[in-house]
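Report on the structure given below.
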Amino acid sequence: MTPQAPYRWANHSTPLQCETTFKRNAYALTGLAFRQYSDAMQQELDSLEDKLGQVVQVLSRLRAENVELRQQVAAKTDEIARLAEKLTTARVRVENLLKQIPETEP
């Protein structure tokens, strides 16, 4: 089996014969010592990078706080359910005690 060229015309099975005239790889050009951005733009990019880092830190802190608050809500919900059950039990006991008290006529 012969190796196939990576390029093909759309809807055709015949491989294209491609030839490049570049002396270097396409991405090797960006490795040269040319500045890509002006000083002002680089400062703005650095500032944005710092701000983004701060946002990531705040997000991380808020996520941790959110987890803690969710745990507190779950604990309080359990406590409310337990206290409601305790209140129902106490109400039933009081009603039973009131039924045992004889009624007196005035």
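Readers should treat all values here as calculations from the given coordinates under stated rules, not as data from a laboratory. Because the structure is a prediction, the values reported are computed rather than measured. For neighbour counting, all protein chains shown are included, and Cβ atoms are generated from backbone atoms with ideal geometry for every residue, glycine included.
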Three-way shape call for region 38-96 based on the alpha-carbon gyration tensor, with the a/c threshold at 1.5: prolate
Estimated inter-spin distance, L48 and R63, nm [label 7 Å along Cα→Cβ]: 2.3
Karplus (6.51, -1.76, 1.60) ³J(HN,Hα), θ = phi - 60°, over region 85-94, in Hz, Gly and Pro reported as x: 5, 5, 5, 5, 4, 5, 4, 5, 5, 5
Length gained when the stretch R91-V56 is fully extended (0.36 nm per residue, less Cα-Cα span): 7.4 nm
From phi via Karplus (6.51, -1.76, 1.60), per-residue ³J(HN,Hα) for region 37-42 in Hz, x at Gly/Pro: 10, 6, 4, 5, 5, 5
